[in-house]
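Q: Can you keep this structure in mind? I'll have questions shortly.
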Amino acid sequence: MPVLRQLRERFARERPLAGRRVSACLHVTTETANLAVTLKGGGADVALCGSNPLSTQDDVAAHLVKDHGIKVFAIKGYEHIRAALAHRPDVTMDDGADLVGALHMIALNRLDDLARPVRKWVETLAVADRKALVGGVLGSTEETTTGVIRLKAMARDGVLQFPVVAVNDSDTKHLFDNRYGTGQSTLDGILRATNLLIAGSTVVVAGYGWCGRGFAMRARGAGANVLVTEIDPLKALEAQMDGYRVATMAEAARVGDVFVTLTGNVDVIRVEHMRAMKDGAVLANSGHFNVEIALEGLKQVAQGPTRVREFVDEWRLDGKRIFVLADGRLINLAAAEGHPASVMDMSFANQALAAEFVVQQAKSLTKDVHRIPRELDAEIARLKLQAMGVTIDRLTPEQQKYLTSWEQGT
Ligand code: NAI
């Protein structure tokens, strides 16, 4: 992760996070370990918890504690958000807005909306302590599309209590991490879980956003016939002109072999769709939360589950078999290792810069969702190219002039 390494070296010299408590709720993977070490080197007192019960790599968590003295509250199967809140952060770092969401529920005294362990802990705190918890936060950073959507909704409703930097909105994040990272690691997760032959199969991709188009590209590359479902006419048109077949989920259900949701929405694959599927259909999700496949509905009408392989549950519905991968949770993190380091290099360079930006600018930022300055985004791209050994042309003075003038002729 050469871009993050450069930042780590600067952070070690300048210590921009000195004396700050940072609570990060992220997938605890090897790449996240590099980020945590960078933040600590920058002077932060870091507490890390998992942002999804199945995404923690236990050896990484152990390594961070043992060799770097970083407080990690994560073990595969559990998230431990309570511990990250109890760290009383100055800055929170989220992947899915879990910490910010919990902090705001505490501030609004909506304790019933908190996960049970968090609620039980908050109930032991005096009211002043609860207020101090939220009041102490300078700002937050957010890694993913789903988190950004929630935070923008909070800002719109006027409830957001501090500024947030949407790391996902950086071009060097979503154009690469969501597209190429999710594209590859989702296929990797499906293959590791099932060992299916993709060539010649029909893969249904729900959602043609950054993640969906990345995965569609990789599934096609592996020889699948790819079918896309969308609700946005522009995205659907783009998918159609990119050469995929576009259909409704009701149509796709009848022909698909493998179904993958990457929408950030709820109930994208419902029981009515599952009933129409072929025997042996495989269902996976790579969107942030496990709400895209209606598993509760499936539980009510189907028999099962029978675990037939690690990460593969068989359900019997109307005499047919439906296979659900990784309980409908992020397949790329549950069954594989998440995105490769090379792409997380840019995402986490954005995270580190966003944390620095929050500490430096929090007082002047409005209680809204911001992005890091475009110059920093461009600088990450420049450093990444440099690390890849790629050089690009520079504008000549004449070209610079041509591009900024309206008087020069055609
Ligand atoms: P995006 O906003 O670019 O794309 C989502 C697409 O889904 C949109 O085009 C939208 O029109 C479409 N959509 C919404 N409801 C739909 C429905 N009912 N049927 C079909 N399409 C529908 O978002 P992006 O960046 O692609 O992220 C998608 C999800 O993946 C989010 O939950 C995000 O947080 C998550 N994510 C997961 C990663 C992973 O490691 N698996 C990495 C990055 C993001």
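The values are calculated or read from the model by the stated rules, or taken from the named source; none is laboratory data. Here the structure is a predicted model, which is why all the values come from computation and not from measurement. Here the Cβ positions follow ideal geometry from the backbone for every residue, glycine too, while neighbour counts run over all protein chains shown. Remember, those area values only see protein heavy atoms, side chains included, never the ligands or the DNA or RNA. Shrake-Rupley method; radii C 1.70, N 1.55, O 1.52, S 1.80 Å.
Q: Express the carbon and sulfur contribution to the solvent-accessible surface of the range 182-334 as a percent, rounded to the nearest whole number, probe 1.4 angstrom. Each step should come with its number before you reach the end.
A: On the way: 3330 of 6600 Å².
Here it works out to 50 percent.
Q: Kyte-Doolittle cut-off 0.0, length cut-off 24 Å along the helix's own axis using Cα: show which whole DSSP H helices in the chain pass. Let's see the in-between values first.
A: Values: long enough: 341-361 (29 Å, 0.58).
Qualifying helices: 341-361.
Q: Give me the Debye-computed log₁₀ of I(q)/I(0) at q = 0.09, 0.12, 0.20 Å⁻¹ for the range 29-158, equal point scatterers on Cα only, no solvent, two decimals.
A: At q = 0.09, 0.12, 0.20 Å⁻¹ the computed log10 ratios are -0.26, -0.46, -1.26.
Q: In the range 182-334, if every C-alpha pair distance is counted and binned at 5 Å from zero, what percent goes to each bin?
A: With a bin width of 5 Å, the distribution comes to 2, 11, 22, 26, 22, 12, 4, 1, 0.
Q: At 1.4 Å probe size, with every protein chain present, just tell me what the per residue accessible area of the chain comes to in Å². Numbers along the way, then the final one.
A: Numbers: 18810 Å² over 410 residues.
Per-residue value: 46 Å².
Q: How big is the charge dipole of the chain about its Cα centre, in debye rounded to the nearest 20, if each Lys and Arg gets +1 on its Cβ and each Asp and Glu gets -1 on its Cβ?
A: Values: 49 positive and 49 negative charges, 121 e Å.
Computed charge dipole of the chain: roughly 580 debye.
Q: List the lysines whose Cα lies under 28 Å from the Cα of LYS235, skipping any in the same chain that are fewer than 8 positions away.
A: LYS152, LYS173, LYS278
Q: Still on this model: Hey, which lysines would be in cross-link range of LYS120, C-alpha to C-alpha under 27 Å, not counting anything within fewer than 8 residues on its own chain?
A: LYS71, LYS76, LYS131
Q: Hey, another quick one. Based on the Kirkwood radius over alpha-carbon pairs, what is the Stokes-Einstein translational diffusion coefficient of the chain at 25 °C with 0.890 mPa s viscosity, in µm²/s?
A: On the way: Rh = 22.4 Å.
The diffusion coefficient I find is 109 µm²/s.
Q: Ignoring everything except DSSP H segments at least 4 long, calculate the 222 nm mean residue ellipticity for the chain; use -39,500 (n - 2.57) per segment, divide by total residues, nearest 500. Mind showing how you got there, number by number?
A: On the way: 18 runs with 182 residues, N = 410.
Value at 222 nm, helices only, nearest 500: -13000 deg cm²/dmol.
Q: Among VAL72, VAL271, VAL100, determine the one that fluctuates most according to a GNM of the chain built with springs between C-alpha atoms less than 10 Å apart.
A: Top of the fluctuation ranking is VAL271.
Q: Between ASP279 and GLU123, how many nm apart are label points set 7 Å from Cα along the C-beta direction?
A: The answer from the label model is 5.1 nm.
Q: Would you look at the GNM of the chain, springs on alpha carbons closer than 10 Å, and say which of PRO16, PRO397, PRO233 moves the most?
A: Residue with maximal mean-square fluctuation among PRO16, PRO397, PRO233: PRO397.
Q: So what does LYS367 come to for accessible area, using a 1.4 Å probe and Å² rounded to 10?
A: LYS367 exposes around 120 Å² with every protein chain in place.
Q: Nearest 20 debye, what's the magnitude of the dipole of the range 182-334 about its Cα centre given +1 on Lys and Arg Cβ and -1 on Asp and Glu Cβ?
A: 300 debye
Q: Rank ALA84, PRO163, ALA276 by how far each Cα sits towards the positive end of the charge dipole of the chain (+1 on Lys, Arg Cβ; -1 on Asp, Glu Cβ) and give me just the farthest.
A: Among ALA84, PRO163, ALA276, the one farthest towards the positive end of the dipole of the chain is ALA84.
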